[in-house]
Each structure stands twice: as structure tokens, then as C-alpha cells.
Amino acid sequence: MDDEDWIALALREAEAAGKRGEVPVGAMLVGADGQLLAGDGNRILEKRDPTAHAEMVVIREGARSTDNERLVGTTLYVTLEPCAMCVGAISLARVSRLVFAAEDAKGGAVLHGPKFFAQATCHHRPQVSRAGDPEAAGALLRKFFQARRG
């Protein structure tokens, strides 16, 4: 599978999260061997946990499944540019690659806001790339928030 395939699977996780009433963001964590370690969507409401962003959920599961807090060699696929909390966790977990679809000018922390990986205090910087259909990922979020606003 390639980056486009993994982002498409992350988008399915985002759609499932939206159906659960969560903000529709999905993530897939793939090991160095190309095998899926974890895939999920936001679970903030379900878990009553403000840190249960899709990225955090799959990083936690990946660390459990590998029995290692360092996720060296892994690739994290996300439908939306990660926030500051998530990029901090990505750095601490030593994720090797981050691939995302849609930019998040308001809450993103890779290309926007604090530009976390560009800071001198960042200890680990993954390779960052883009894949997937940013318009599809963005449309899913817009539709979700429009429905909430009534």
C-alpha cells in the first residue's frame, strides 16, 4: 500500500468518528515493515478524554502493540494537520514520517501556528509529506461543523 491508500483508510476512520459525533479526524499508524499497527478516529467524547485525538489514540496503541514507547521507523497518516499536542507526541514517540491530507490554519502546528518541528527545542523531526485529497478531508470537517451550527 502507498501513502494514498493509507490516507484513504484514515479518511474512513474520520467518517466513522463523525458518525459517532466526534470531530471527523482519522489516523493510521504503520510500522517500518508496512504493517498496520493501529487505526482509529477521534474518541474525545466517547472516552471523556480531551487528549483522545486520533493521532494520540493510534500512537498509544502503537506503543502498546510494539511494547516500545519509541516508534522509530513508523509512519503516521492523518486526515488533518495535527495540533500542538499531537505533534509534541509525534516528536516524543520518534515517529519517522508524518503524512497528512488537509491543512489546518486554525489549529494545526506543523505548517501553521507554532510550527513545532521548526523550533530549536524540538528533539525529533519526522519527515513530513502530504497525500490524499485535502478537499475531501476538509469537506468532511466543514459538513460536520455546519450540521452542528444548525
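Any idea how far apart residue 136 and residue 45 come out in nm if each label point goes 7 Å out from Cα toward Cβ?
2.4
Per residue of segment 3-11, in order, report the coupling 6.51 cos²θ - 1.76 cosθ + 1.60 (Karplus, θ = phi - 60°) as ³J(HN,Hα) in whole Hz, putting x for Gly and Pro.
After applying 6.51 cos²θ - 1.76 cosθ + 1.60, I find 4, 4, 5, 5, 5, 4, 5, 4, 5 Hz.
Straight-line reach from residue 143: which lysines have a Cα under 18 Å away, not including same-chain ones fewer than 8 places off?
Hits, sequence-local ones excluded: 19, 106.
Quote the FRET efficiency, to the nearest 0.05, computed for residue 123 versus residue 149 with a Förster distance R0 of 35 Å and r equal to the Cβ-Cβ distance.
0.35
If you restrict to DSSP beta bridges whose two residues both lie in the chain, what percentage is antiparallel, to the nearest 5?
50
Please compute the contact order of segment 1-122 in relative form: average sequence separation of alpha-carbon pairs under 8 Å and at least six residues apart, divided by the residue count, as a percent.
Normalised by residue count, the contact order of segment 1-122 is 21 percent.
Computed over the Cα atoms, what is the radius of gyration of the chain divided by 2.2 N^0.38 Å, N being its residue count?
Rounded to two decimals, the normalised Rg is 0.96.
Can you work out ³J(HN,Hα) from phi for every residue in segment 83-92, in order, using Karplus 6.51 cos²θ - 1.76 cosθ + 1.60 and θ = phi - 60°, giving whole Hz and x for Gly and Pro?
7, 4, 4, 5, 5, x, 5, 4, 5, 5
Average the reciprocal distances over every distinct pair of alpha-carbons in segment 55-127, invert the result, and give the Kirkwood radius in Å.
After inverting the pairwise mean of 1/r, the radius is 12.1 Å.
Please find the FRET efficiency linking residue 96 to residue 4, where r is the Cβ-Cβ separation and R0 is fixed at 25 Å, and quote it to the nearest 0.05.
0.85
Hey, can you grab everything whose amide H is under 5 Å from the amide H of residue 38? Only 5+ residues off in sequence or another chain; H modelled, so Pro and N-termini drop out.
Residues meeting the amide H criterion: 29.
Between segment 111-147 and segment 55-96, how many Å separate their Cα centres?
First find each Cα centre; the distance between them is then 14 Å.
Could I have the simple spin-label model distance between residue 32 and residue 105, label points 7 Å from Cα toward Cβ, reported in nm to one decimal?
With each label placed 7 Å out from Cα toward Cβ, I get 4.0 nm.
Give me the percent of the accessible area of segment 1-99 that comes from carbon and sulfur atoms, probe 1.4 Å, all protein chains in place.
Ligands and nucleic acids excluded, carbon and sulfur reach 51 percent.
As a test of the formula, what do you get for the chain when each DSSP H run with n ≥ 4 contributes -39,500 (n - 2.57) and the sum is divided by the residue count, at 222 nm and rounded to the nearest 500 deg cm²/dmol?
It lands at -12500 deg cm²/dmol.
Accessible area per residue for the chain in Å², computed with a 1.4 Å probe and the full protein assembly in place, what is it?
I get 51 Å² per residue for the chain.
Just in segment 46-95: which trypsin sites (Lys or Arg not before Pro) are loop by DSSP and have at most 13 other Cβ atoms within 10 Å?
For trypsin sites (Lys or Arg not before Pro) across segment 46-95 that sit outside H, G, I, E and B with at most 13 neighbouring Cβ atoms in 10 Å, the list reads 48, 70.
The values are calculated or read from the model by the stated rules, or taken from the named source; none is laboratory data. Just so we're clear, the structure is a prediction, and the values are computed from it rather than from any experiment. For neighbour counting, all protein chains shown are included, and Cβ atoms are generated from backbone atoms with ideal geometry for every residue, glycine included. Note: areas computed on protein heavy atoms with side chains; ligands, DNA, RNA excluded. Shrake-Rupley method; radii C 1.70, N 1.55, O 1.52, S 1.80 Å.
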